[in-house]
Every structure is written in C-alpha cells, then in structure tokens.
1. Would you mention how many residues in the stretch 110-138 are under 20 Å from Arg77 (Cα atoms) and either touching a helix residue (DSSP H, G or I) at 6+ places or on another chain (Cβ under 9 Å) or open to solvent by 70 Å² or more (accessible area, probe 1.4 Å) (or both)?
2. If you go through the stretch 156-168 one residue at a time, how many are surrounded by fewer than 20 Cβ atoms within 10 Å (Cβ to Cβ) and not small (Gly, Ala, Ser)?
3. Look at Thr174 and say whether it is open to solvent by 70 Å² or more (accessible area, probe 1.4 Å) and either over 22 Å from Gly93 (Cβ atoms) or more than 17 Å from the chain's Cα centre (by Cα) (or both).
4. So which residues in the stretch 84-109 are open to solvent by 80 Å² or more (accessible area, probe 1.4 Å), assigned to a helix (DSSP H, G or I) and either without any contact (Cβ under 8 Å) to a residue 12 or more places away in the chain or over 21 Å from Met170 (Cα atoms) (or both), if there are any at all?
5. Could you give every pair whose Cβ atoms fall below 7 Å, whose first residue belongs to the stretch 111-137 and is under 17 Å from Ala36 (Cα atoms), and whose second residue is of a type in the set (Asp, Glu) and open to solvent by 20 Å² or more (accessible area, probe 1.4 Å), counting only separations of at least 6 or pairs across chains?
6. Of a type in the set (S, T, N, Q), in contact with a helix residue (DSSP H, G or I) (Cβ under 7 Å, 6 or more places away or on another chain) and farther than 21 Å from Ala23 by Cβ - does that describe any residue in the stretch 160-167?
7. Quick check: is even one residue across the stretch 53-73 part of a helix (DSSP H, G or I), under 22 Å from Ala130 (Cβ atoms), touching a residue at least 60 places away in the same chain (Cβ under 8 Å) and open to solvent by less than 30 Å² (accessible area, probe 1.4 Å)?
8. May I ask you to verify whether Arg28 is of a type outside the set (A, V, I, L, M), open to solvent by less than 40 Å² (accessible area, probe 1.4 Å) and touching a residue at least 24 places away in the same chain (Cβ under 8 Å)?
Amino acid sequence: MTDSRKPVFLVIGAGAGIGGSTAIRFARGGYHAVLARRSDEASLARLIDTIESEGGSASGILLNATEDGAIEELVERVERDIGPIECALYNLGAQIGNRKLHDTPHKTFELGWRLGCYGVFRLAHAMFPAMVERAKTGRHGTLLVTSATSAVRGNAGQHSHAAAMGGRRMLCQTLNAEFGPQGIHVAHIVVDGAVDAPDTLGKLLGDKFDAFKSAKGPEGVSDPAAIAETYWHLAQQPRNCWTHEVDIRPWTDVAWWNDNPNPEIDATPGGKGFAGPKR
C-alpha cells in the first residue's frame, strides 16, 4: 500500500539557526516538518507559525534527547501518526565552552558525548530499519548531520567537544559504509565558521554577539538560511551522485586545515572565531 501522507523532515535541534531555517526550507519543498528542541516552547511555536504562514505544515515537541527512550519514542510516534521520515537532521551541538582538562568534570565530558555522538547513533538505530524497507521501492532516506571544525581538529580547551564531534564524524562514516548500499544517504556537514544563530553562538557571546558579527565584515558570518539550501541540495541528490561530507564557511575565513587560530575569540576579517582557553 502506498503511504499518501506527506514525507516528514524530522529536526532534532530545531533552534533559531540552522535547524529552524532548514525546517522552513524543507516545508517549502513539500515536507511536513517535525521540530524537536529541548526548551523554549514559545520559540518553537513561532517557528511553526512561520512555516504555516507560508502554506507549509509543521508540528513540534520539546525533547530532552539525552533521556533514555526519548529519541526512539519520537521516531516511532512520527512514523505511526504523522508520516514516513524521509529525511532527518541531527542538529544538536555539544559545545560546553572552553575548559581546561582539570575544569572538565567527568559528567560534563560524558554529556558532550551523549549529545554529540550517542544521539546520532540512537536516531539511526531507531530510524534506519523503516528507511531500508522503503529504499527497496526506490524511496531513499537521508540523514543529515550538522558538525563542526572540532570534528576534524582538536583545539586546547575542547576536550569534550572535539571527542564528541570526532566520534560523530567517524560514526557517520560507518553508517554511510553500512547503509549507503542499502539506500540511505548519510551526509556529514562540517560547519567550519561562525553562524548567525542566536540560540548557539548568540548565547555563547551574549552582548558581544552584534559586535562580533560587525567586526567580521559583510557576509563574514554564515546565514543559516543559506546553509539550509546546501542541506536541501544534499537531500535531493540522486542515488548515483551522493555527497557524504561537505564543509561550509564564510568567504573571509581560512579553511580549518590552513588555519592556526588565536587563543581567544578573533573577530578580525578572516579570523577563525573560537580556539582554546585564555592563557
């Protein structure tokens, strides 16, 4: 029997940045967006209103992704009550700030791993069986995973974050190796630069956020709506032309493999943004 319901775009980490902007883009493309975020029900409602005002459809849930069974129950409920998950975005960060080793408690380190790596594993574990079955009819599924420079380079003070994001990258590679031939597209996106996201970078910088963006210069900070277009493209790639990993940065930034960032926030044109703890 053919499922006549809309395909679902599931976002875990639907904040007012990459997650929310990508949900808007997929809703415009005909998907029903299911938005999950940890807190701030008012912001979640505003995002749903934005999508519906453009003629799209969306629903939302507050979700603590570190709780046992939370991701699994969400996937089961969406598949049963809303529609088939044809694309999912895992967009949870694991940034706990710059901390020296002795300032990083065991629980804090573990939290980074649970958010950065284990959550991706749990989502794939819950979601891929149904995707594999649908892929047998040609309806390939897609898992998009937002990542960061720390997935490919560990800086001082980033013990938890780098370990979590490095694990995320390797996990995506193993998922791609196993499930790509079964019809599931796994894409790992390295966001190698600052993003104009009030829920992430904005919270980290606080009242310095506007000054930081201004110092970066014109288009020196990535627009999450522009990043969403890359995510949309990845999800629409035909099976004979899949991209597994892509990196994104503002035009003024130097790529991670050529950069040697300052130990503090560097807001100069071409500056990297974050590195190790203050000395």
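1. So in the stretch 110-138, the residues under 20 Å from Arg77 (Cα atoms) come out as 119-134.
Now narrow it down to the ones that are either touching a helix residue (DSSP H, G or I) at 6+ places or on another chain (Cβ under 9 Å) or open to solvent by 70 Å² or more (accessible area, probe 1.4 Å) (or both): 119-133.
So the answer is 15.
2. 0
3. Numbers: open to solvent by 70 Å² or more (accessible area, probe 1.4 Å): yes; either over 22 Å from Gly93 (Cβ atoms) or more than 17 Å from the chain's Cα centre (by Cα) (or both): yes.
Answer is yes for this residue.
4. Leu101, His102, His106, Lys107
5. Arg122/Glu72; Ala126/Glu72
6. Yes, that holds for at least one residue.
7. No, there is no match, as no residue in the stretch 53-73 is part of a helix (DSSP H, G or I), under 22 Å from Ala130 (Cβ atoms), touching a residue at least 60 places away in the same chain (Cβ under 8 Å) and open to solvent by less than 30 Å² (accessible area, probe 1.4 Å).
8. Working: of a type outside the set (A, V, I, L, M): yes; open to solvent by less than 40 Å² (accessible area, probe 1.4 Å): no; touching a residue at least 24 places away in the same chain (Cβ under 8 Å): yes.
In short, no.
The values are calculated or read from the model by the stated rules, or taken from the named source; none is laboratory data. As the structure is a prediction and not an experimental result, all values here were calculated from the model. Please note: Cβ atoms are built from the backbone with ideal geometry, for glycine as well, and neighbour counts cover all protein chains shown. Note: accessible area is taken over every heavy atom of the protein model, side chains too, but ligands, DNA and RNA are not part of it. Shrake-Rupley method; radii C 1.70, N 1.55, O 1.52, S 1.80 Å.
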